[in-house]
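Here the structure is laid out as structure tokens; the discussion comes afterwards.
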């Protein structure tokens with residue numbers, strides 16, 4: 001969700017993530033803290049608004065995301081074929 005930020009910035013706020021994931025902000029805050037502790041995301045304070053913090057992937061987060069996309073390519077192809085098989089697709 002960070003990589004696919006709607007504004008193309010490859011960063012996101014807790015508010016934007018909670019809206020896209022349809023989760024409570026407190027839940028997203030906890031998940032973001034865990035990801036940060038694991039070295040997958042970094043916090044970057046907004047230069048325009050001191051109350052806003054952006055999350056972006058770290059190099060390790062990028063590496064793991066790339067590996068995941070690669071590892072799941074067969075499943076993505078299978079799912080895409082199943083969707084195409086639905087009437088009206």
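The residues of region 48-63 that are surrounded by fewer than 13 Cβ atoms within 10 Å (Cβ to Cβ) and at pLDDT below 95, listed by number, are 48, 49, 50, 51. Scanning region 17-26 for residues that are in a helix (DSSP H, G or I) and within 15 Å of residue 1 (Cα to Cα) yields 17, 18, 19, 20, 21, 25.
Which of the residues belonging to region 27-62 are touching a helix residue (DSSP H, G or I) at 6+ places or on another chain (Cβ under 9 Å), part of a helix (DSSP H, G or I) and free of Cβ contacts under 8 Å to residues at least 24 places away in the same chain? Those that are touching a helix residue (DSSP H, G or I) at 6+ places or on another chain (Cβ under 9 Å), part of a helix (DSSP H, G or I) and free of Cβ contacts under 8 Å to residues at least 24 places away in the same chain: 27, 28, 29, 31, 32.
The values are calculated or read from the model by the stated rules, or taken from the named source; none is laboratory data. Keep in mind that what you see is a predicted model, and the values were worked out from it rather than measured. Cβ coordinates were reconstructed from backbone atoms using ideal geometry, including for glycine residues, and neighbour counts include every protein chain displayed.
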